[in-house]
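**Student:** Below you'll find the structure I mean.
FYI, it's all coordinate maths here, none of it is from the lab. Computed from a predicted model, the values in this text were never measured in an experiment. Virtual Cβ from ideal backbone geometry, glycine too; neighbours counted across all protein chains shown.
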Amino acid sequence: MSNRKILVVEDERVLNGAYETILTKSGHTVKVAFDGNEALEKLKGFKPDVILLDLKMPNLDGIGFLKAYNELGNKKSSKIVLFSNFDLQKEIDEAFSLGVDKYVLKAWASPKDLLKIIEDVSS
Amino acid sequence: MFELFPSDIGEPYTLIRNSEIIINNQVWRIAYSVRSGIVSPAIRERPNNIAVGGIVFALLVSGLVYLLLQRRSRIVAESENRKLENAKDSMLSLASHQLRTPATGVKQYLGMVLEGFVGDITTEQKVLLQKANDSNERQLHIINEFLYLAKADAERIIVSPQKFDLGELVDEVTSEMNLEIIQAGHTLSIKQKVKYTPVYADRHSTRMIIENLLSNAIKYTPAGGKIIIILTKYRLNSSFSISDSGVGIAKKDMKKLFQQFSRIPNELTKQESGSGIGLYLSKHLIDLNGGKIIVESKRYKGSTFTVHLPNKTVKNITVSRRLQG
């Protein structure tokens, strides 16, 4: 798989660290953020191919991030994977309407599954 | 109002009562008469139009008030129900999020070691870590089952049907569960009569159904058993059947099979873990997807569970459908 630029937006430090390790060890360029606000900051100097976005986060959650991201005129410049253990249909539908490309329940994805998701969505 | 008149006074007076009295040896006839058309006995018996109108009006007004009050209380009840349902949804989703997250962390770190992200490990280390991983997967599975059960009870399961190849999904699930099959000492064979077995169903819930039925086949078959999966395509649906050479189900237990928290007693029930909700949930998910399940079983010979799922859009499940009952 070719190298991709990935922004991991995840508030759980244990998971954030795990995804960073998995993706970095697989040759990807990774930046991490712990909430939506930090993610918007990181995007100022970084144009990722894929944004791995959690839904439930403090300060600015996934839905809030998507709204702000779209307002910046960034729509569709990165593929967005909603990667969450939160499965409220209403919020997932809203996320899709805001430009999410794929939703994956985090609990089902092993490290290898994560790499496959990145490959599928960015190819 | 009453006047004293001779009884034969005639119109416009009407005799309503008369009697005779004797005063100083003279007989007097006393007639109580009233003016006809005003208070005649017939008119007295007829209801008063104004009174009737008043009663009808009062009834109409009170009926209208009753209807308005009923409508208002229905709107309030519906709004309260909606609030309650939304609260239930949020609570279930929050619970799922909180319960899944720690186990997801364990899955990532064990996965990194097991899948070779940090170098080689010895076979013994791999066996031990695999056991930890299996246990964690089981925990995630139980969390998921209980959350689905809670959602089913609250009628909040949403299915999103899409067209996909049932055979491909069966291959995916069986390859993931292959280790479990091998560890139990069973052999698995998949027979597919046609290359493509399309279904129009919710992929995630179909996966849960296959996992559950295959897991039961593995658990309730003594070591060294045979498991056969047959995929078939029909005109309106495709099916998969999972047959095992296991302990089977007694005829008397068949009706308990799809009941919540029911575990059918057999030689292997005690040594195998089970929540007693797998088949209950599977049956509901099959119903939700517009499919059906058929069970054939013979004690000590084995069981066959066949699931049919539609291959076209079924009315009422085109977008989403809530669980009924």
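**Student:** Taking the Cα centre of chain A as the origin and placing charges on Cβ (Lys, Arg +1; Asp, Glu -1), which of A:82, A:46, A:107 is farthest toward the positive end of the dipole?
**Tutor:** Projecting each Cα onto the dipole axis, the largest value belongs to A:46.
**Student:** Could you calculate the contour length gain from residue B:121 to residue B:300, that is, 0.36 nm times the residue separation minus the distance between their Cα atoms, to one decimal place in nm? Before the final figure, lay out each step's value.
**Tutor:** On the way: separation 179, 0.36 × 179 = 64.44 nm, distance 4.17 nm.
My answer for the length gained is 60.3 nm.
**Student:** Let me ask something else. Quick one: compute a quarter of the convex hull surface over the Cα atoms of chain A and quote it in nm².
**Tutor:** Working: hull surface 26.5 nm².
That works out to 6.6 nm².
**Student:** Whole number please: convex hull volume per residue, Cα atoms of region B:67-115, in Å³. Please list the in-between numbers first.
**Tutor:** Values: hull volume 2.3 nm³, N = 49.
Once divided by residue count, the hull of region B:67-115 is 46 Å³.
**Student:** Can you pull the Rg over Rh of region B:49-153, Cα-only, Kirkwood? Display every interim value, and only then the final one.
**Tutor:** On the way: Rg = 30.1 Å, Rh = 19.1 Å.
Computed over Cα atoms, the ratio is 1.58.
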